[in-house]
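First up is the structure itself, then whatever we jot down about it.
None of the figures in this text is laboratory data; all of them are computed from the coordinates on show. This structure is a prediction, so every number in the text was calculated from the model and none was measured. As a convention, Cβ positions derive from the backbone with ideal geometry for all residues, glycine included, and neighbour counts pool all protein chains shown.
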Amino acid sequence: MNSGAFFRLLSPEHLYFSAALFALLTLLLVGMIYLFLYIKKRRFRVKKSITGQLNDWISEQMTMEEDGSFITLPDFAPHFKKKYVRQFITDNLINFKKSVAGHLSDSVVRLYEHSGLKKDSEARMKSLRWHLRSRGIYELYMMQQRESLSDILDYTNSNNEYVRMEAQTAIIGFDGFKGLIFLNDLHYPLYEWQQIKLLEQLDAFNSEEMPHLPSWLRSANSYVVQFALKLTEVYQQFRVHGEVVQCLGSDNQKIRNQAIKTLGSIAHEDTVFILRQQYFTETIANQLEILRQTGINGTEEDIEFLKGRLYEEDDSLKLEAGRAIVAITPGHIATLKHIAANDPIIHSIANQIKYELTS
Amino acid sequence: MSAWNIFTMLLTYGIFIYAVLLIAFYLWIGLYSIGAIRKYMRKNSITDYRLLASSSHAPSVSILAPAYNEGANIVENVRSLLSLYYSNLEVIIINDGSKDDSLQKLIVAYQLENTPHHVQYKIATKEIRGIYKSKNPAYKKLVVVDKENGGKADALNVGINISANNYIVCIDVDCILEQDALLKMIKPFLEETDKKVIATGGVVRIANSCIIKDGRLVKVNLPGNYWARMQSLEYIRAFILGRMAWARMNGLMLISGAFGAFDKEIAIKVGGYNPKTVGEDMELVVRMRRFMEKSKLPYKVSYIPDPLCWTEAPTNTRILGRQRNRWTRGTIETLKFHRIMFFNPKYHLLGMVSYPYWFFFEMLAPLIEAFGIVVFLLMVIFQLINWHLFIALLACIVSFGYLYSAFAAYMEVTTYNMYRRRTDMMKLLLTALTEPFVFHPFVVWAAIKGYIDYLRRKKAWGEMTRQGLGTPTLPDKN
């Protein structure tokens with residue numbers, strides 16, 4: 001650009017035009033802000049009235065007999081045609097259902113089905129937009145719509161993480177341990193967050209056989225292996241001890257860490273020996289875990305190994321070794337103190353462990 | 001062409017290109033943040049965070065809160081931290097050699113006793129005088145460390161050394177956290193895939209004029225004080241737009257020292273906080289990122305837009321000036337420490353985009369603006385100014401600033417809408433009108449003083465006197 005063209009671009013006319021455009025856009029945004037606030041306030045009033053109706057309806061349901069198969073529907077007209085109103089009612093029903101059980105919960109489900117809200121959820125589940133689809137799955141599952149189960153199952157391996165996670169949650173919610181079948185074909189990550197969520201969900205069911213557990217522990221999907229290890233730990237699946245030991249050879253540090261924890265909960269008489277062998281090839285985080293598990297499952301035979309760990313370079317390993325020694329036999333605090341006489345670090349560690357024992 | 005002509009031409013073109021790039025960056029930040037916030041809100045609209053609060057499978061977390069002469073509110077602040085929803089939690093308060101009675105108050109209030117505790121100084125720090133714990137089960141999460149005064153970075157490093165958990169959340173002890181703040185901050189770490197999440201930042205909001213009871217935020221009000229209100233708008237722009245856009249691109253270089261979560265292992269590997277800078281929060285994030293880049297490990301710095309942390313903003317020019325002075329020194333120091341990354345392709349996005357952006361548009365901006373003002377004054381004195389062009393240019397720049405502020409306000413209203421009263425929004429927008437003529441020149445002035453102090457090698461933080469976040473009977477006035 002030559003200087004003439006440049007200064008023409010920077011001419012007052014161009015600049016005033018830009019300023020006017022920016023000012024106009026600013027006014028437009030301010031207008032949109034106030035329009036948004038106005039709409040929000042109007043919707044707030046509608047929502048308040050609907051909340052009142054819902055509360056009345058819930059109070060009425062509470063006083064009804066448990067076998068009341070017929071329920072009266074609250075009259076949400078004239079607002080019911082509005083999409084946001086229906087969404088608001090669905091959200092409220094779900095929240096209410098989370099806190100009740102028995103016939104009240106059934107009444108909420110029937111209201112959801114009879115008022116047409118279920119059709120909204122089904123439409124959302126079939127939407128091409130991921131956030132609507134995951135929300136639809138969530139609503140159908142929360143409202144126990146089992147007939148949607150086969151559709152939801154298809155989504156457990158969806159390439160969209162949010163759709164996939166909701167579908168997995170739904171399947172476990174419906175079928176408990178049987179729902180874990182989706183792990184057989186899972187090609188995508190199963191985040192730690194999702195693993196925690198599924199474990200919490202499974203907690204509500206009675207423990208069942210997991211016939212596919214050995215194959216999950218050998219899965220090519222590292223997330224499935226991690227989750228299977230957690231299942232093994234929580235539900236103490238002693239029969240897969242061999243497969244868990246195999247996991248100690250994984251390249252994935254997280255898998256090995258979980259395998260160490262899991263072995264601690266399904267320990268055989270030779271488990272601590274296996275962990276001791278593993279110790280020398282591990283990262284510090286995993287070595288700490290091995291020491292913890294040795295403290296839980298170890299015997300007098302392991303004391304010498306643990307004493308050796310008191311001379312590790314990392315103080316956290318020394319501390320954990322000291323804890324493990326005392327966990328195996330509390331009387332070994334004297335052994336620690338004996339070693340501490342010549343080593344100020346062990347002295348400091350021994351004092352801490354002694355305090356921990358008494359508190 | 002004379003040397004003077006070449007100089008003026010370079011200056012004109014240089015400033016023009018600078019201004020165009022700056023506006024382009026702002027436009028990009030504004031537009032790019034929309035997608036990031038929308039996705040975040042959609043994906044978390046049905047998330048039940050409560051399960052993490054009570055789950056035994058949830059990762060263990062240590063909160064690190066340094067305290068220096070916080071005796072006035074320390075007991076209430078700690079109570080607020082102990083009441084956060086999270087079961088696998090350890091709250092470490094580091095008394096950084098306070099001259100007041102902070103420690104004594106904590107000992108009495110929480111029935112603390114000095115305990116034998118072995119500390120490995122993985123990060124070198126000042127000496128620890130004592131570690132206090134309570135035998136009362138109600139306070140079993142609490143650990144109070146008493147140490148020699150060494151500054152905020154040193155205190156945080158002590159916290160890292162003491163911490164027993166894999167994740168650390170560093171906060172200012174006087175901040176008010178939302179009850180579910182930790183649950184939301186830890187979630188990104190639990191969603192990592194092939195990219196390791198090394199840190200998560202959270203939004204900090206202004207708590208002035210808000211109603212706080214028993215350490216909890218009860219009602220959000222727009223600050224009555226002009227300076228605090230202006231900072232509310234500034235924080236909305238910075239946190240909802242700026243950091244969300246940078247985080248979406250994985251180019252975030254700053255997580256506020258008031259509220260950030262870190263992977264402890266990486267924080268230790270890089271040597272913890274740097275006590276030689278007053279911008280220790282930014283410096284740690286940059287160093288962690290640099291470490292990951294050098295190690296060729298895929299990583300991510302995550303950011304969440306929920307308003308989770310509330311802090312008291314300076315309400316007068318004296319304190320605000322000190323704060324901005326310190327921020328400027330911190331930025332210069334951090335960028336100087338890591339100057340090797342400047343347009344260095346080995347550091348990918350960090351070296352080619354994030355660092356240059358901070359260098360040109362955060363660090364140099366006050367200098368360029370101050371230079372512009374000086375040149376303008378000289379041109380006025382020597383009657384060289386083309387007033388017609390000047391007014392047009394000023395109108396253009398000021399109106400763009402208004403547009404950006406209005407956009408930030410729009411994003412706030414359509415997302416978290418913390419200021420619900422229409423009058424509050426009107427006040428905020430009217431305050432924005434004064435920014436180019438009152439607040440912004442002051443901030444530039446404070447930054448220039450920061451440069452001067454940097455050149456004088458001043459290392460002090462500058463005392464940050466606070467009024468305390470209680471229940472205000474009346475909104476504070478300027």
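Structure notes:
- When only Cα pairs below 8 angstrom with a gap of at least 6 residues are kept, the stretch A:74-176 shows a relative contact order of 19 percent.
- Note on residue B:216 and residue B:149: with the Förster distance fixed at 35 Å, the Cβ-Cβ geometry gives a FRET efficiency of about 0.70.
- The spacing between the stretch A:35-59 and the stretch B:149-166, judged by their C-alpha centroids, is 49 Å.
- Cβ charges +1 (Lys, Arg) and -1 (Asp, Glu), total dipole of the stretch B:15-172, debye: 640 debye
- Chain B: angle of helix B:280-294 to the longest principal axis, Cα-based, in degrees nearest 10: 90 degrees
- Shielding by other protein chains, A:192-203, mean Cβ within 10 Å: 5
- Relative to the longest principal axis of the Cα atoms of chain A, helix A:102-114 runs at roughly 40 degrees.
- Cross-link partners of residue B:346 among lysines, defined as those whose alpha carbon lies under 17 angstrom from its own and excluding same-chain residues fewer than eight positions apart: B:294, B:296, B:300.
- With contacts taken as Cα pairs under 8 Å at a separation of at least 6 residues, chain A carries a relative contact order of 6 percent.
- Centre separation in Å (Cα based) which lies between the stretch A:139-193 and the stretch A:76-131: 20 Å
- The stretch B:209-229 and the stretch B:1-24: distance between their alpha carbon centers, rounded to Å: 45 Å
- Against the main long axis of the alpha-carbon atoms of chain A, helix A:253-265 sits at an angle near 70°.
- Chain A - mean residue ellipticity at 222 nm from DSSP helices (-39,500 (n - 2.57) per run, n ≥ 4, rounded to 500): -22000 deg cm²/dmol
- Once the C-beta distance of residue A:184 and residue A:49 is scaled by a Förster radius of 60 Å, the resulting FRET efficiency is 0.75 to the nearest 0.05.
- Each Cα pair under 8 Å and six or more residues apart adds its sequence gap; the mean of these over the residue count of chain B is a relative contact order of 17 percent.
- Exposure proxy ranking, count of Cβ atoms within 10 Å, fewest first, for B:264, B:458, B:219, B:147: B:219, B:458, B:264, B:147
- Fraction of beta bridges assigned by DSSP in the protein assembly as shown that are antiparallel (%, nearest 5): 45 percent
- Computed lengthening from residue B:43 to residue B:121, 0.36 nm per intervening residue step minus Cα-Cα distance: 24.0 nm
- Top positive-direction residue, dipole computed over the stretch A:74-176 with Cβ charges, set A:170, A:125, A:100: A:125
- Local net charge near residue B:102, Cβ-Cβ under 10 Å (Lys/Arg +1, Asp/Glu -1): -3
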